[in-house]
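Remarks on the structure that follows.
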Amino acid sequence: MPFQPIQSFTRKRLSDVVSDQIKQLISEGTLMPGDRLPAERDLATQLGVSRPSLREALIRLEADGYIETSGRGGFTVVDMTAAIISRPLAELLLQNPRTSADILELRQGLESISTVYAAQRATTADLKKITRAFDALKAGSQSRDRVNLAELDAAFHLAIADSTHNVALAHVMHGIHTLIREGMRQYHRLIDYDDAMEKQLMSQHQAIYDAVIARDAQKARKAAERHLAYVREMYKDDAAKPSASEVS
C-alpha cells in the first residue's frame, strides 16, 4: 500500500502529518480522482495513528476539497478540476450542441498525448485496468444497449489517461469527464441504430487498445488521431443537416 507509518517523534500534529501524506499521494498521482481510501480502521493501522487523529485529518481534507464521502461509505479522491472545467462548459454544450466540435478538438490533442504516454509508461496493473475498461466497452457495443455506452466509452479513455502517470494530464482529463461524456452521448445518439458506424468506432477503439497494450507509442497516437478525426467528421455531417425549424 502507498501509505507510510507516521513517525511518533514528529513535532507536527499527527492529523497534519496524515493530511500532508494523503495530499502528497494525490499530487504525485499515486491516488487518482475517484480512488477510494481504505476503510478508517485499515488506514489508521497502515499509518500507525489513532482513529481520532485520522478522522480529524479526513474531515480537514474533505473541507478543503481533496476528498469526498462516497455513496457506499468511506472517502474517495475528488476530481479537483471538475468544478472549474466541467460544469460551465457542460452547460454551454447542452445549450448549443454544435459547439461539440470545440470539445473534440480538445479531446484530439489530449487523447493523442495520453495514448503515447500510456503506451510508454503503463504498469502491468494499468494494462489490466485498460483491458477491463475495453472489455466492458466491447460488451456494451455488442449488446445493442446504448444506455451506458457513452459512459463505457469515457471510462476506456480515462483508464488510458490514468496510465500516463502524468498527474496534470490525468486530473485535467478527469476534470472534463462530464464534458467528454456529454459529447460522447451526443455522438452515440448520432450513430444509434447504425451498425456500420458502431462497428467502425469499435474497430478504432480496438486499434487504440492493441497499440497501447503492445507499447507501440506511435501507432497508439495515430490510432487515437484517426478515431477523433472520424468522430469530428461525424459531427460535421450532423451539423450540416438542416434543423427541424429549417425544414419546416
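Laboratory data are not the source of any read-out in this text; all were calculated from the coordinates shown. Computed from a predicted model, the values in this text were never measured in an experiment.
Values for this structure:
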quantity	calculated
Partner lysines for K138 [C-alpha distance under 23 Å; skip if fewer than 8 residues away on the same chain]	K128, K129, K199, K219, K222
Gain in span if fully extended, K138 to I59, counting 0.36 nm per residue against the direct Cα distance	24.5 nm
Ratio of the Cα radius of gyration of segment 14-77 to 2.2 N^0.38 Å, where N counts its residues	0.99
